[in-house]
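Data block below; observations after.
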Amino acid sequence: MSDPYKTNRRCFIKAISTSSAALVLGFHLPVAAKPGQGGAAPAKGFVPNAYLRIDPDGTVTVTVTKSEIGQGVRTSLPMIVAEELEADWSRVVVTQATTGLGFKSLGTGGSWAIGGNWTPLRTAGATAREMLVSAAAAAWSVDRATCRAEKGSVVHAPTGRRLGYGELAEAASKLQVPTNPPLKDPKNYTIIGTRRPRIDGRPIVTGTATFGLDVRLPGMKFATILRSPVMGGKVAKWDDKRAMTSAGVRAVVPVSSGLAAGVAVVADSTWAAFKGREALDVTWDNGPNAAFDGEAFRKKLEESSHASAIVTRKDAVAAGTSVTAARSIEATYEYPFQAHATLEPMNCVADVRDGRTEIWAPTQAPDRIRERVAALIKQPAETITVHVTMSGGGFGRRLGVDYALEAAEVSMAVKSPVQVIWSREDDMRHGHFQPASANRMTGGVDAKGAPVAWKQVKAGSYLSIFGPPSAAERASSDYWRDASWGCYDNPYSIPGLETGYVPVDSPVPTGPWRAVYSPSCSFARESFVDELAHAAGRDPLEFRLSLLDPAKKFKAGNLNIDQGRLRSVLALAAEKAQWTRKLPPGWGRGIAGNVYDGDTCLAYVAEASTGKDGSIRVERMVCAVDCGIVINPSGVEAQIEGGIAFGLSTVIGGEITIRAGRVEQSSFLDYPVIRMDQMPKVEIHIVPSTASPTGMGEPPVPPVAPAVTNAIFNATGKRIRRLPVRLPAAAGGEK
Amino acid sequence: MNENLIPQDGLRLTVNGTQRPASAPPDTPLLWILRDVLGLTGSKFGCGLGVCGACTVLVDGEPVRSCMSTGPEVAGKKVTTIEGLSSDASHPVQRAWLAEDVAQCGYCQAGQIMTAAALLARNPRPTDADIDAAMSENVCRCGTYQRIRAAIHRAAAEMKS
Ligand code: FES
Ligand code: FES
């Protein structure tokens, strides 16, 4: 699926009249609409979904349509507007868009918040700036060419007169909205590219930021749900006698709108709900999945990766090119089910009433919540308002709407505002997961050590939370191609390169997880590039660089691959890590790179050390990244640091295993994520660029695992082909 | 705040310097007394099992998992939550957190800050190893560890000067 926003740069902006003396511009920002991420279709016609407001007191308010899930959009998006507006950053405030009232297209996913909004946000800021300059010129009766905007004021250069934006707002609001306002030359940026601390920093460090779990309404009840332990199971019968006598319990109601059916206990406090749940007696109808075994499924994936595949890419072999392999190798790379394990468990507050329903949700998909709740409670969508709270982590989990549906269902049943809260165990077991997959790799090198064959076949599952593919999609190679970023968009030039997909269905609820399809494919690809380099007796860095032409750009599916940009980040990471410098004994070094979804280019050099007990410690990660123009370097670096931690948790941390249809993990004890003492030293080098900015939420994740496992190979000679790494218990390497 | 809780006579807690009546069944974890009874939602629920640190508060200056202790256990002791560290972000640890732009989603940070404040109170010049030892029970799924480390060193330097 191509992205409509990349080609259609047309921006509509209109002035909104208000009763106050403010200048308000309405404009439209695209939603997340990348494949597999379920973005709502863009609204037809022009319905603004974003606003820029300048009040008479000089306050600049930017309405953000993207959810804050820790990626800093509530800071970076206003920075873009403020730059073109020539605003005084200290006077900029941000408000969160709420569904309804013209906000038709809200959604956050696909690392697309910055890339998709870059032009509309700049244009909105520039439009307001031009109107304010015109208003000042008219007030002074001077030529507008002699006026300039600067830090929240318009200055008349010849006389030094100055009018603040607040003073000009009313007059500006009466002017015609200009089309095609000039955009600034990036060399003159004063806000974009500078370090700006998070706009929400203060409320966070004082404990006053409102996350989903912090929403409190008058008369609100607290509920928690006992869900079927077996995936897809149902409630056969339930007895609420004991639960209803538990202190503070008010009601017990069945729930079936989420990912797992169950019974909700509604109480006066969270603790009363948790205690009441312990006293519930439920008999389950386990359904067809009670025999589902994750280990058997893993074997099935492995076997399927050998089966005949739907071809997703096949490069021609140039005439006269020799493709006789002197050495051929093959390997299978396995990736397990993974949980998001956001630190704030799923939760949602719903107040369902006839004709006026309100939802407060830590969500990446308020639009979809509205649509799906409307269908569930059989009320028109216009009567439903979704308030987006701060989210304690997202990573794709909050693109699912199951937890909001459950809250609406419970609120409707008990006719009261209700907060439905998931325990950590619920969150670990009953969400959607990163699908498990296997990648079958075959390749060869010729007598001179050049790669002459490459085939990568992914065996995996579609993302079930968005529904199964239609018969037409199932038969379409494009559908499966787009379900394997990191595989078909292989950036290297290898004659006859071929990729494929073998769909393997499972009953496990699956959905987007940070970087979606890429981590498993990229782990296999970047590891196997290493294997081929070693088979050819060549250095893995030099081998990669030899397959990337600085001037070559090509298209893989709908994605644009720029070999030169990838080459530069690989070379930069290697240089900064001093690739050829000797490491202490027992240490190893590995490299991996990636072009994420046709956009951001990122490479790591990892250094890992091994203990005498066989334990592994990742000591240092050197990153080089090209993400176009950087809005907020502090934000970009934070995403890389966080992406490294996230990726590392898949290498030396946990996995989700399933036995008898039940997820076996329950908390951070049996699903470890990395901790302070396991965090490597991270060094980040950003390639200066004047290209449009590209996403940074997801791109840092995929190359982490292969960089680290390549380093482990370098240190130990052991090739890791299945994650997480299984090591003797020791610091930094449980399992 | 919730008026509907079963009254439990006699439990008075000293939270952030103020004596507060806290009506809740005696087995109620301190975390839920703070959040559901006293309306102090700054302390977070991450696991309820003592394995993530999101709920960390200070009890007589020591970091305590509020999800693992009950009202009666802290009666007569001084409980400090993130709201009580300072409401204007003036505590050196909060200032350092802002200066290093630590937070991503921010959910773990109340627990991280309280744990760091306790560390610095007993060890004004922590080494990296001291930081590892004190902070490794606190999960940050967003991976802000490098900045937390920098912020602790910054706060230590500032508190000394
Ligand atoms: S909520 Fe108390 S340790 Fe996790
Ligand atoms: S900042 Fe998100 S969990 Fe730490």
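The values are calculated or read from the model by the stated rules, or taken from the named source; none is laboratory data. Computed from a prediction, not measured in an experiment: that's the story for all the values here. Here Cβ is always computed from backbone atoms with ideal geometry, including for glycine, and neighbour counts include all displayed protein chains. Please note that ligands, DNA and RNA were not included when accessible areas were found on the heavy atoms of the full protein model with its side chains. Shrake-Rupley method; radii C 1.70, N 1.55, O 1.52, S 1.80 Å.
Positive contributions from Lys and Arg (+1) and negative ones from Asp and Glu (-1), summed over other residues with Cβ under 12 Å from the Cβ of A:Glu637, come out at -2. Of the trypsin sites (Lys or Arg not before Pro) found in the range A:583-653, those that fall in a DSSP loop while having at most 10 other beta-carbon atoms within 10 Å are A:Lys612.
Step by step: find N for the protein assembly as shown, compute 2.2 N^0.38 Å, then divide the Cα radius of gyration by it. What's the final number?
Working: Rg = 27.6 Å, N = 896, 2.2 N^0.38 = 29.1 Å.
Normalised by 2.2 N^0.38 Å, the Cα Rg of the protein assembly as shown equals 0.95.
Cα centroids of the range A:402-434 and the range A:170-226: 27 Å apart.
In the range B:42-66, which residues give up 10 Å² or more of accessible area once the other protein chains are added, compared with their chain alone (1.4 Å probe)? Buried on complex formation: B:Gly42, B:Lys44, B:Phe45, B:Gly46, B:Cys47, B:Leu49, B:Val51, B:Cys52.
Centroid-to-centroid, using Cα positions, the range A:498-564 and the range A:322-337 are 12 Å apart. Stretching the chain fully between A:Arg161 and A:Ser689 yields a gain of 186.4 nm (0.36 nm per residue, less the alpha carbon separation).
Local charge sum around A:Thr127 (other residues, Cβ-Cβ under 11 Å, Lys/Arg +1, Asp/Glu -1)? Please report the intermediate quantities before stating the final value.
Values: positive: A:Lys14, A:Arg122, A:Arg129; negative: A:Glu84, A:Glu130.
Residues close to A:Thr127 contribute a combined charge of +1.
Contact-buried residues of the range A:204-249, at a threshold of 10 Å² lost accessible area versus the chain by itself: A:Ile204, A:Val205, A:Thr206, A:Gly207, A:Phe211, A:Leu213, A:Asp214, A:Arg216, A:Lys221, A:Phe222, A:Ala247, A:Gly248 (1.4 Å probe; DNA, RNA and ligands ignored).
If R₀ is 35 angstrom, what is the calculated FRET efficiency for the pair B:Ala133 and A:Glu575, using the beta carbon separation as r and rounding to 0.05?
Using R0 = 35 Å, I get an efficiency of 0.50.
Chain B contacts chain A over a buried accessible area of about 4800 Å², both sides summed; the probe is 1.4 Å and only protein chains count.
In this simple spin-label model, placing a label point 7 Å from the Cα along the Cα-to-Cβ direction at both A:Lys553 and A:Ala447 gives a separation of 3.9 nm.
Of the DSSP beta bridges with both residues in chain A, give the percent that are antiparallel, rounding to the nearest 5. Around 75 percent antiparallel, to the nearest 5. Per residue, the range B:92-160 exposes 31 Å² of solvent-accessible protein surface, assessed with a 1.4 angstrom probe and all protein chains in place. Looking at the range A:554-596, none of the chymotrypsin sites (Phe, Trp or Tyr not before Pro) sits in a DSSP loop with at most 11 other Cβ atoms within 10 Å of its own Cβ. The share of C-alpha pairs in the range B:92-160 whose separation exceeds 18 Å stands at 24 percent. Inter-label distance, A:Arg474 to A:Asp143: 7.1 nm, where each label sits 7 Å from its Cα along the C-beta direction.
Solvent-accessible surface of chain A, taken per residue with a 1.4 Å probe and all protein chains present: 34 Å². Can you tally the net charge around A:Arg538? Count Lys and Arg as +1, Asp and Glu as -1, for every other residue whose Cβ sits under 14 Å from the Cβ of A:Arg538. That works out to -2.
Using 1/(1 + (r/R0)^6) with R0 = 60 angstrom and r between the beta carbons of B:Gln19 and A:Ser17, what's the FRET efficiency to the nearest 0.05? Provide the component values of the computation, followed by the final result.
Details: r = 53 Å, r/R0 = 0.89.
FRET efficiency, B:Gln19 to A:Ser17: 0.65.
Going 7 Å from the Cα of A:Thr283 in the Cα-to-Cβ direction, what parts of the range A:248-277 have a backbone nitrogen less than 19 Å from that spot? The answer is A:253-255, A:261-264, whose backbone nitrogens lie closer than 19 Å to the label point. Just check the range A:518-648 against the gyration tensor rule for me: Cα atoms, a ≥ b ≥ c as the square roots of the eigenvalues, rounded for a/c under 1.5, and otherwise prolate or oblate depending on whether a/b exceeds b/c. Oblate is the answer for the range A:518-648, as a/c is 1.5 or above yet b/c matches or exceeds a/b. Put simply, the range B:12-85 fits an ellipsoid with semi-axes of 16, 13, 11 Å; these come from the alpha carbon gyration tensor as the roots of five times its eigenvalues, largest first. Here the extension length gained between B:Ala99 and B:Ala121 equals 5.9 nm, from 0.36 nm per residue of separation less the Cα-Cα distance.
Computing the accessible area with a 1.4 Å probe over protein heavy atoms, can you report the carbon and sulfur percentage for chain A? It would help to have the intermediate numbers written out before the result.
Numbers: 13310 of 25250 Å².
Whole-percent figure for carbon plus sulfur exposure: 53.
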